[in-house]
Structures are given as C-alpha cells and as structure tokens.
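Just below is one structure, and these are the notes that go with it.
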Amino acid sequence: QVQLVESGGGLVQAGDSLRLSCVISGRTFEVYRMGWFRQAPGKERQFIGTITASDGSAVLADSVKGRFLISRDNAKNTVYLQMNNLEPEDTAVYLCAAGSSARRFTLPSNPNRYDYWGQGTRVTVSS
C-alpha cells in the first residue's frame with residue numbers, strides 16, 4: 001500500500017500564495033507518477049498537473065500554467081504544489097495521487113491513471 005497525506009491548505013485572500021505538500025509513505029518504490037487534482041463543490045475533479053518520480057518531468061494544465069508549479073524532493077518523499085496569485089475560482093479541495101508504472105500508457109490527466117489518493121487539503125480563497 002501507498003499512503004498520501006496532503007497539507008498546507010487554508011484560508012487566504014486573492015493574490016496570495018500557498019505551497020501544498022504531499023508526503024508519500026509505504027511502498028514508495030511502486031510510485032511512477034504523481035498527480036495533483038482539485039474538486040470544487042458541484043464540479044468534476046479537475047486535473048492540475050503531474051510529475052514523474054524518476055526525472056521530475058512536470059506537466060501542468062493550461063488553466064494553471066504561469067501561476068502553479070509542481071516539484072518533488074525524493075529524499076523527503078514529498079511532492080509540492082506551489083500556487084501563486086490565487087483567485088477565488090481556485091477554491092477547492094486539493095488532492096494528490098500516485099500511480100504505478102503499470103498504468104503508464106494512460107494519460108496522466110485521467111484520474112484512472114492513479115492507484116492511490118490522499119484525503120485532500122482544503123484551499124479557500126476570498127475575494
């Protein structure tokens with residue numbers, strides 16, 4: 001099993017920045033790719049970005065390019081989501097996910113690509 005725990009969410013004002021963390025434990029050697037998603041009330045789960053565990057290659061959704069960044073520190077088994085210039089529309093529960101190499105041919109934007117999910121951390125952005 002792989003366990004994921006997100007942290008770093010909170011209540012901020014528009015224009016502020018937050019850095020979310022996702023700590024990975026358990027069978028970490030199984031992880032090939034990490035993803036960040038968010039889900040707002042009444043909306044579908046939305047892909048934010050992904051990063052590979054091996055070389056750190058990252059891909060971001062067009063909607064957040066220029067504001068969000070993904071990075072990882074393998075020594076700490078941690079993946080980060082840096083969010084800058086937050087907007088009220090960014091309000092959501094943010095979740096991290098881990099996928100094995102067995103699903104490497106599935107598009108990383110597809111939630112079905114991932115085997116494990118954290119419980120999420122809530123981000124609220126006031127106007």
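For a distance above 20 Å, tell me the whole-number percent of Cα pairs in segment 70-127 that qualify. Mind dumping the intermediate values first?
Working: 647 of 1653 pairs.
Cα-Cα pairs in segment 70-127 separated by more than 20 Å: 39 percent.
Running Debye on the chain with equal point scatterers at the Cα sites and no solvent, what base-10 log of I(q)/I(0) appears at q = 0.10, 0.13, 0.18, 0.19 Å⁻¹?
The calculated log intensity ratios at q = 0.10, 0.13, 0.18, 0.19 Å⁻¹ are -0.27, -0.46, -0.90, -1.00.
Before anything else, pin down the relative contact order of segment 1-93: Cα pairs under 8 Å, at least 6 apart, normalised by residue count, whole percent. The partial results should precede the final answer.
Details: 169 pairs, mean separation 29.3, N = 93.
Computed value for segment 1-93: 31 percent relative contact order.
Place +1 on the Cβ of every Lys and Arg and -1 on the Cβ of every Asp and Glu in the chain, take the dipole about the Cα centre, and give the residue among ASN84, GLN3, SER127 whose Cα lies farthest towards its positive end.
GLN3
How much of the accessible area of segment 1-54, probe 1.4 Å, is carbon plus sulfur, in whole percent? Can you show the working numbers first?
Values: 1350 of 2830 Å².
Of the solvent-accessible surface of segment 1-54, carbon and sulfur hold 48 percent.
For segment 80-91, in order, what is each residue's ³J(HN,Hα) by Karplus, 6.51 cos²θ - 1.76 cosθ + 1.60 with θ = phi - 60°, in whole Hz (x at glycine and Pro)?
Listing the rounded values in order: 10, 10, 8, 10, 10, 6, 5, 10, x, 5, 7, 4 Hz.
Quick one, what does Rg over Rh come out to for segment 27-67 if you take C-alpha atoms and the Kirkwood Rh? Kindly include the intermediate steps, with their values, before the conclusion.
Details: Rg = 12.3 Å, Rh = 11.6 Å.
Checking Rg against Rh, the ratio lands at 1.06.
The values are calculated or read from the model by the stated rules, or taken from the named source; none is laboratory data. Please read all numbers here as calculations on a predicted model, not as lab measurements. Cβ sites come from the backbone with ideal geometry, for glycine too, and all protein chains shown count toward neighbours. Quick note on the areas: whole protein, heavy atoms, side chains included, nothing else; ligands and nucleic acids left out. Shrake-Rupley method; radii C 1.70, N 1.55, O 1.52, S 1.80 Å.
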